[in-house]
Amino acid sequence: MPTDDPLLQAARAVRDHAYAPYSGFKVGAAVRTVSGAIFVGCNVENVAYPEGTCAEAGAIAAMVAAGEQKIAAVAVIADSPAPVPPCGGCRQKLAEFAEGSTTVTLATTGGEQRQISVADLLPGAFSTVHME
Ligand code: THU
């Protein structure tokens, strides 16, 4: 996606607000919903390490809190040598609110990008089908 795409710009901007004193690794995420609205999140770490939350989780929480539930596109950005893929937990969280075909754009602050679908991020995802 173009570097001036509003979704990527939103992810880049919110990354500045990340609270990552322990890893020093700031991440920004943005989701665009089917309505066209954009919701953002950043990682928020904690001295009790497992209590930290990922950028993607924050963006999803903001979306749901605003009354929306259908993700049309995702962008994640970090200052890393190569685009950073979402962690396993975030893949499952994205799969909850996106189609398998939904594109996730992974970007570096240096301008590198990689696009991947939600289905390719989480093959064999656990879903409601498995509880029937
Ligand atoms: N992190 C995210 O926020 N999203 C990702 O996709 C990968 C990892 C955060 C969690 C933690 O605060 C830091 O990056 C290092 O793992």
Discussion item. Condition (residue is within 22 Å of Val118 (Cα to Cα), outside any helix (DSSP H, G or I), open to solvent by 20 Å² or more (accessible area, probe 1.4 Å) and of a type in the set (A, V, I, L, M, F, W, C)) applied to segment 8-18: is it met by at least one residue?
Written reply: no
Fill in: Some residue of segment 40-61 being away from the ligand (no atom under 14 Å from the Cβ) and under 14 Å from the mean Cα position of the chain (by Cα)
no
Response to the item:
Within segment 20-39, the residues that are among the hydroxyl-bearing types (Ser, Thr, Tyr) and within 16 Å of the chain's Cα centre (by Cα) are Thr33
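If you check Val84 against the conditions, is it touching a strand residue (DSSP E or B) at 6+ places or on another chain (Cβ under 6 Å), within 9 Å of the ligand (Cβ to nearest atom) and modelled with pLDDT under 95? Talk me through it step by step, then tell me what you get.
Working: touching a strand residue (DSSP E or B) at 6+ places or on another chain (Cβ under 6 Å): yes; within 9 Å of the ligand (Cβ to nearest atom): yes; modelled with pLDDT under 95: yes.
Yes; evaluated as a whole, the condition is true for this residue.
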Discussion item. I'd like to know if segment 90-102 contains one or more residues that are at pLDDT 95 or above, near the ligand (Cβ under 10 Å from one of its atoms) and hydroxyl-bearing (Ser, Thr, Tyr).
Written reply: no
Fill in: Test result for Ala66, in contact with a strand residue (DSSP E or B) (Cβ under 8 Å, 6 or more places away or on another chain), open to solvent by 40 Å² or more (accessible area, probe 1.4 Å), among the hydrophobic types (A, V, I, L, M, F, W, C) and more than 18 Å from Val14 (Cα to Cα)
no
Worksheet item: If you check Ala98 against the conditions, is it surrounded by 12 or more Cβ atoms within 10 Å (Cβ to Cβ) and over 26 Å from Ala13 (Cβ atoms)?
Response: no
Discussion item. Looking at Ala29, Ala65, can you tell me which residue is at pLDDT 95 or above and more than 8 Å from the ligand (Cβ to nearest atom)?
Written reply: Ala65
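Restricting segment 1-26 to residues that are touching a Gly at 6+ places or on another chain (Cβ under 9 Å), near the ligand (Cβ under 9 Å from one of its atoms) and small (Gly, Ala, Ser), which is farthest from Val64 (Cα to Cα)?
Here is the first cut: in segment 1-26, the ones touching a Gly at 6+ places or on another chain (Cβ under 9 Å) are 3, 10-20, 22-23.
Pick out the ones that are also near the ligand (Cβ under 9 Å from one of its atoms) and you get 18-20, 22-23.
If we keep only those that are small (Gly, Ala, Ser) too, we end up with 18, 20, 23.
Working: Ala18: 20, Ala20: 24, Ser23: 27 Å.
So the residue we want is Ser23.
The values are calculated or read from the model by the stated rules, or taken from the named source; none is laboratory data. Since we're looking at a predicted model, the values are computed, not measured. Using ideal geometry, Cβ is built from the backbone for each residue, glycine included, and neighbour counts are taken over all protein chains shown. Surface areas here come from the heavy atoms of the whole protein model, side chains and all, with no ligands, DNA or RNA. Shrake-Rupley method; radii C 1.70, N 1.55, O 1.52, S 1.80 Å.
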